[in-house]
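Engineer: Starting off with a structure, shown below.
The values are calculated or read from the model by the stated rules, or taken from the named source; none is laboratory data. As the structure is a prediction and not an experimental result, all values here were calculated from the model. Here the Cβ positions follow ideal geometry from the backbone for every residue, glycine too, while neighbour counts run over all protein chains shown. Accessible surface areas use protein heavy atoms only, side chains included; no ligands, DNA or RNA. Shrake-Rupley method; radii C 1.70, N 1.55, O 1.52, S 1.80 Å.
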Amino acid sequence: MRVAKFCERNIQFTEADKAIDILRQHYKDDVAISVVDCFRRCLKCRVQPFCRIQLTTIEANDAETLVKQILQTV
């Protein structure tokens, strides 16, 4: 199982929290969720939701697209 790491600050400013909810409700056997303090991506942090899986950063314009991209990666 892969771990999707989300930035706490990004969750506050974007729809990343919705993506986390979708993953936890529907894909909890496929993707583990981890929330970290900060990824130091301040310019992206407030603009669009993103997460990291291993060393790959996945970005999207909304929560649903982010979930789709995460599932493609794992």
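Engineer: Hey, if we sort Asp21, Asp29 by accessible area with the 1.4 Å probe, largest down, what's the order?
Structural biologist: Putting Asp21, Asp29 in descending order of accessible area: Asp29, Asp21.
Engineer: Quick check: net charge around Arg52, other residues with Cβ under 14 Å of its Cβ, Lys/Arg +1 and Asp/Glu -1?
Structural biologist: Once positives and negatives cancel, what remains is +3.
Engineer: On to the next question. Antiparallel DSSP bridges in the chain: what percent, to the nearest 5? Let's see the in-between values first.
Structural biologist: Working: 6 of 12 bridges.
The antiparallel fraction comes to roughly 50 percent.
Engineer: Towards the positive end of the charge dipole of the chain, with charges on Cβ (+1 Lys, Arg; -1 Asp, Glu), say which of Asn61, Leu43, Ala32 has the farthest Cα.
Structural biologist: The residue sitting most towards the positive pole is Leu43.
Engineer: Length gain on complete extension for the stretch Arg46 to Lys68, per 0.36 nm per residue less the alpha carbon to alpha carbon distance?
Structural biologist: 5.9 nm
Engineer: Kindly state, as a whole number, the per residue volume in cubic angstrom of the convex hull around the alpha carbon atoms of the chain.
Structural biologist: Each residue corresponds to 70 Å³ of Cα convex hull volume.
Engineer: Might you report the magnitude of the Cβ-based charge dipole of the chain about its Cα centre, with Lys and Arg at +1 and Asp and Glu at -1, to the nearest 20 debye? It would help to have the intermediate numbers written out before the result.
Structural biologist: On the way: 12 positive and 10 negative charges, 60 e Å.
I would put it at about 280 debye.
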